[in-house]
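To keep things clear, I will list the structure first and then write my remarks on it.
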Amino acid sequence: MKTYSKVPNIYIDGSTLSSADRTKYEQDIAAMLDRLLLTWAGWATLIEVYYLAKKKMTIVPYIATPENGVCNATAGAKDPQAATLKGTTLLNPNGTLPPKENRVEGTGVGSDTTVRFSPSTWGPSTGCNTGPGANADEILLHEMVHGVRQMAGRSVKEAPPKGSEGLTNYEEFVAILVSNIYRSEKNIPGLRKDHAGFAQLTAPDTDPAQFKTKFASFLSNVGIEQQRFANNLAQATCAFNPLRP
């Protein structure tokens, strides 16, 4: 395990791999984090981890399972109740609401998080790199956004507006929003539509003004729940950034 030198509460742990593969994995992840820092979206995410210094994010290799499949990466809180927004109900793993007698409310105090991600999963020869948002750096950033919200105790699985069901929930909306801003900063054509796959976002949602109108409540919540994060993301001057004033 190594500490990421620029954000000391990020740990990179390739210990499940062979010695040579572990060294390469840890070096590759550190180099990818360095590249993320060169953009506003990446910097805003990493600096948010830094400010949540009492919590830690550990990045480990993704191991495919029958449940999660090969083309995947995840972020999981050590304490789901602490990671969940105070006053909201923890959902079942499949996103459904538990029976009343089994419901638990989040405390919002924040939790350590583990990001499971392997760059090799998303290489062009794997069959997993199939559209906007599927580049390895975008996937890592996407999962780190989930992780930083768990660290902050802001994770909430509110359903998206009608007509946007492919987003799955609010957490996926935020993660895709940030990775789309990142993609726009890098001037890569096409934006990710939703969490159902890697289809391309289409007009009128590609217009930041139209996007703001459609997702007004969700965008407002980003600023309310994580004001510093939202303000830092708003600094990105690119074609698609609905968080800009």
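The values are calculated or read from the model by the stated rules, or taken from the named source; none is laboratory data. The model shown is predicted, which means the values in this text are computed figures rather than measured ones. Heads up, the Cβs are rebuilt from the backbone with ideal geometry, glycines too, and the neighbour counts pull from every protein chain shown. Heads up: the accessible areas ignore ligands, DNA and RNA and are worked out on the full protein's heavy atoms, side chains in. Shrake-Rupley method; radii C 1.70, N 1.55, O 1.52, S 1.80 Å.
Selection of helices (runs of 4 or more DSSP H) fully inside the stretch 1-116 by the criterion of at least 3 residues being among the hydroxyl-bearing types (Ser, Thr, Tyr) returns 19-36, 40-51. Does Val145 satisfy the criteria of being part of a helix (DSSP H, G or I) and in contact (Cβ under 8 Å) with a residue 40 or more places away in the chain? Considered against the rule, which asks whether it is part of a helix (DSSP H, G or I) and in contact (Cβ under 8 Å) with a residue 40 or more places away in the chain, Val145 comes out as yes. Among the residues of the stretch 66-75, at least one is polar (S, T, N, Q), within 22 Å of Arg22 (Cβ to Cβ) and in contact (Cβ under 8 Å) with a residue 24 or more places away in the chain.
Only one of the listed residues (Gly197, Gly153) is in contact (Cβ under 8 Å) with a residue 40 or more places away in the chain and buried (at least 17 other Cβ atoms within 10 Å of the Cβ). That residue is Gly153. Scanning the stretch 198-220 for residues that are out of contact with any helix residue (DSSP H, G or I) (no Cβ under 7 Å at 6 or more places or on another chain) and part of a helix (DSSP H, G or I) gives Pro208, Ala209, Gln210, Phe211, Thr213, Lys214, Ala216, Ser217, Ser220. Which ones in the stretch 108-125 are open to solvent by 60 Å² or more (accessible area, probe 1.4 Å) and in contact with a helix residue (DSSP H, G or I) (Cβ under 7 Å, 6 or more places away or on another chain)? Listed by number, the list holds a single entry, Val109.
For (1) among the acidic types (Asp, Glu); (2) crowded, with 19+ Cβ neighbours inside 10 Å; (3) on the phi > 0 side of the Ramachandran plot; (4) under 17 Å from the mean Cα position of the chain (by Cα), each residue gets a yes or a no:
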position	(1), (2), (3), (4)
Ile10	no, yes, no, yes
Asp13	yes, no, no, no
Ser19	no, no, no, no
Glu26	yes, yes, no, no
Ala31	no, no, no, no
Gly42	no, yes, no, yes
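So that you can scan it fast, the table gives a plain yes or no per residue for (1) farther than 20 Å from Ala152 by Cα; (2) hydrophobic (A, V, I, L, M, F, W, C); (3) touching a helix residue (DSSP H, G or I) at 6+ places or on another chain (Cβ under 8 Å):
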| position | (1), (2), (3) |
| --- | --- |
| Ala30 | yes, yes, no |
| Asp34 | yes, no, no |
| Trp43 | no, yes, yes |
| Ala53 | no, yes, no |
| Ile59 | no, yes, yes |
| Glu67 | yes, no, no |
| Ala75 | no, yes, yes |
| Leu90 | no, yes, yes |
| Pro99 | yes, no, no |
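When Val178, Val174, Val70, Val148 are screened for being open to solvent by 20 Å² or more (accessible area, probe 1.4 Å), out of contact with any Gly (no Cβ under 8 Å at 6 or more places or on another chain) and on the phi < 0 side of the Ramachandran plot, only Val70 passes.
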